[in-house]
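Please treat every number below as a calculation from the coordinates, not as lab data. As the structure is a computational prediction, the values presented were derived from the model and not from experiment. Cβ sites come from the backbone with ideal geometry, for glycine too, and all protein chains shown count toward neighbours.
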Amino acid sequence: MSETTERSLRPGDLAIRCGPLGSLVLVRLSGALDLATADDLADVLNTQLRTGRDIVLDCTGLDFMAVIGMSLMLDTHRATTARHRKLIVVTGGNRAVLRPLRVTRVDAMLRLATTVDDACSQLGGLIPDPRG
């Protein structure tokens, strides 16, 4: 997977790694997704939307997600749907992601998966190599 953005994490930072995964685009997040970091993710997601591929958004590495994160997910879901593509959000059971999604009932509006493998299976894409 090629890296679009990656930097060392300090408290409050967001690391974003993305690249093609078979016929899909995988975007992996770690750190904090909040008002201070949301623009970085929005830029990456907008770039990936232009590829015309389905997007797998891996949120298993997030320590914190603010409301702006859910807003970005919903915006991206709407944009992919308008382009006849799909967005799947991988939660991995991460409480920092699942709790706000469930409390606000946004989980009912998005396609969720427990693992990247599950997301790829849902989309009919390539299952990632476990070594990397």
Which distance in nm do the two modelled labels at Thr51 and Asp13 give, with both placed 7 Å along the Cα-to-Cβ direction? 2.3 nm
Name the long-range amide H neighbours of Leu62: under 5 Å, sequence gap of 5 or more, or other chain; modelled H, no Pro or chain starts. Gly31
Computed ³J(HN,Hα) along the stretch 88-96: with the Karplus parameters 6.51/-1.76/1.60, θ = phi - 60°, integer Hz and x for glycine or proline, the list is 10, 9, 8, 9, x, x, 5, 4, 5
Label-point separation (nm) for Leu74 and Arg99, each offset 7 Å from Cα along Cα-to-Cβ? 2.1 nm
